[in-house]
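Coordinate-derived values only; no laboratory data. Note that the coordinates shown come from a computational prediction; the quantities given were computed from them, not determined experimentally. Cβ placement follows ideal geometry from the backbone for every residue including glycine, while neighbour counts extend to all protein chains displayed.
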Amino acid sequence: MACMHNHSCEEHECGSQWSLYKHIDFPRVSALNESVAGSVKAVFKSWDHRLDNSSECLESNEDDPELIVYIPFTSDVKIKSISVIGGTEGTSPSRMRAFINRDGIDFSDAQEMAPVQEWELAENVQGELEYQTKYSRFQGVANLTLHFPENFGAETTKIIYIGLRGEATQIKRDVVATIVYEALPNPSDHKLPSETGGTSQVL
């Protein structure tokens with residue numbers, strides 16, 4: 001479902017609500033079928049700069065409008081809505097499909113797998129639309145993959161901005177891994193009597 005974003009952003013503090021880009025693991029962000037390698041990273045920016053198209057945008061290869069965008073996070077996040085600003089003259093994506101916590105999705109996978117949610121997109125060149133998620137399904141998101149299978153008839157697809165509204169947990173991804181690792185029992189700390197020649201107590 002798309003909602004109009006037509007209020008005063010200063011009064012509603014939109015900048016803070018659309019701040020999940022600060023929790024993106026930028027070195028690991030990637031896209032499939034981008035015409036310029038690494039250009040996908042330019043579409044993640046602050047809400048205040050969402051209409052700034054002076055910098056590089058994400059564009060698909062010529063005669064192939066399909067795009068896949070992989071977005072890993074530095075901490076688990078909860079995503080309430082997504083905003084996508086595309087190009088003009090039919091280059092905006094017309095459909096978006098989301099996959100959660102799945103690494104390495106390619107175009108074959110995306111076509112065969114059922115997405116967590118799918119949206120029909122409008123040409124949102126003014127950044128006035130946001131697409132609500134099924135919020136209960138977008139909890140504990142470590143990475144998000146967005147599949148844009150088609151556009152409004154142009155030979156290429158262009159994306160200027162992808163915004164994510166929600167909140168992040170306080171636990172960083174590397175910290176979670178450390179906690180899990182340290183929680184595993186160390187066999188050397190729990191030796192059996194036959195291994196030590198005496199008695200031992202397992203705490």
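When each of the peptides 43-51, 76-84, 105-113 is scored by the mean number of other C-beta atoms lying within 10 Å of its residues, the order from highest to lowest reads 76-84, 43-51, 105-113. Three semi-axes describe the equivalent ellipsoid of region 15-111; taken as square roots of 5 times the Cα gyration tensor eigenvalues and ordered largest first, they are 20, 18, 13 Å.
Over region 73-175, the ratio between the Cα radius of gyration and 2.2 N^0.38 Å evaluates to 1.11.
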